[in-house]
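Beneath this line is the structure, given in structure tokens, with notes to follow.
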Amino acid sequence: MGIVESLQNRRSYYNIKKELPFEESEVIELIKKLTELVPDAFNMKSSRVVVALGEKQERLWDAAYEAFEGEVPKKKIDGFRAGAGTVLYFYDNQIVENMQSQFPLYKDNFPVWASQSSGMLQISVWSGLRELGIGASLQHYNPVIDENVQKLFDLPESYRLVAQMPFGGIVEEPEAKEKEDISKRVQIEK
Ligand SMILES: Cc1cc2nc3c(=O)[nH]c(=O)nc-3n(C[C@H](O)[C@H](O)[C@H](O)COP(=O)(O)O)c2cc1C
């Protein structure tokens, strides 16, 4: 599958289930491979990924619900909990700080670059999962859930949570998108 088709098939899937069309091990291999392949500024390798599966997947979303103290509807959280797993995206701030002290002129850029590289990884995994017939969405319950997540997975304090990607078997396809006049956003100059 080429990149255009892959990105075309990637959508936000909110109606997901635990049953996957592929073995869990294939999903794990895919995420590992993509984490290795996605570039980072100065090749600093700042991205960190935690894949929550099985009981940890359910405990993650229970912890997220608790962190919001009822401010997010249980039904919404349960929609993510219903998936087979969640990919948690972080960057390691220890690496960012090391780079900042080595290259002080670019100091302010490093956290931005770390987030950008995480975004590159997110779109790669999101599309890669869809190539396996697995639906996912992108969520941002950070920073409210940060402390609960750090405790649940016993993570280093330097990990900064960037995004959460619940995934699972596809129960329902999202509605088709409206056609866009892309010339309003892409300007070609010669
Ligand atoms: C940087 C970024 C942040 C997003 N944050 C959220 C989010 O917090 N919750 C959510 O449900 N969707 C989130 N989305 C998904 C977008 O709303 C969605 O991709 C967009 O509306 C297009 O729909 P599609 O994914 O079905 O193509 C985010 C997407 C991006 C790229």
| By how many nm would the segment from Gln102 to Glu29 lengthen if fully extended, with 0.36 nm per residue of separation less the alpha-carbon distance? | 23.0 nm
| request: Taking amide H positions as placed in the peptide plane 1.01 Å from N, state which residues far from Arg11 in sequence (5 or more) or on other chains have amide H under 5 Å from it. | output: Ala136
| field | Under the Debye formula (equal points on every Cα, no solvent term), log10 I(q)/I(0) of the stretch 105-190 at q = 0.18, 0.25 Å⁻¹ | value | -1.05, -1.22
| query | What's the FRET efficiency of Glu147 with Gln116 using the Cβ-Cβ distance as r and R₀ = 25 Å, to the nearest 0.05? | reply | 0.50
| message | Taking the beta-carbon count within 10 Å as an exposure proxy, list Ile77, Ile188 from fewest neighbours to most. | response | Ile188, Ile77
| said: Sort Leu132, Leu121 by Cβ crowding within 10 Å, fewest neighbours at the top. | reply: Leu132, Leu121
| task | Return the lysines within reach of Lys75: Cα separation strictly under 26 angstrom, same-chain partners fewer than 8 residues apart disregarded; answer none if there are no such residues. | result | Lys17, Lys18, Lys56, Lys151, Lys177
| said: Springs between alpha-carbon pairs under 10 angstrom, Gaussian network model over the chain: which of Val112, Val87, Val51 fluctuates most? | reply: Val112
| field | Net charge of neighbours whose Cβ lies under 13 Å from the Cβ of Arg160, counting Lys and Arg as +1 and Asp and Glu as -1 | value | -4
| Stretch Leu7-Glu71 to full length: gain in nm at 0.36 nm per residue minus the Cα-Cα span? | 19.7 nm
| Hey, in the GNM for the chain with a 10 angstrom Cα cutoff, which one of Gly54, Gly133, Gly119 fluctuates hardest? | Gly54
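One-quarter of the Cα convex hull surface for the stretch 44-153, in nm²?
Values: hull surface 30.3 nm².
Convex hull of Cα atoms, orientation-averaged projection: 7.6 nm².
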| remark: P(r) over all Cα-Cα pairs of the stretch 1-94, 5 Å bins from 0 to the longest distance, whole percent per bin, short to long, reads 3, 10, 16, 20, 20, 15, 11, 4, 1
| Where does each of Arg10, Arg130 land when they are ranked from fewest to most other beta-carbon atoms within 10 angstrom? | Arg10, Arg130
| remark: Under the rule rounded for a/c under 1.5, else prolate if a/b exceeds b/c, else oblate, using alpha carbon gyration tensor axes a ≥ b ≥ c, the stretch 142-190 is classed as oblate
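Run through the stretch 28-86 and list the GluC sites (Glu not before Pro) located in a DSSP loop whose Cβ has at most 16 other Cβ atoms within 10 Å. Spell out each step's value before the answer.
Working: sites: Glu29, Glu36, Glu55, Glu58, Glu66, Glu69, Glu71; in loops: Glu69, Glu71.
Here the sparse-neighbourhood loop sites are Glu69, Glu71.
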| Isotropically averaged projected area of the chain, using the convex hull of Cα atoms (one quarter of hull area), nm² | 13.5
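Readers should treat all values here as calculations from the given coordinates under stated rules, not as data from a laboratory. Since the model is a prediction, treat every value here as computed from it, not as a measurement. In this analysis, Cβ positions are derived from the backbone assuming ideal geometry, glycine residues included, and neighbour counts consider all displayed protein chains.
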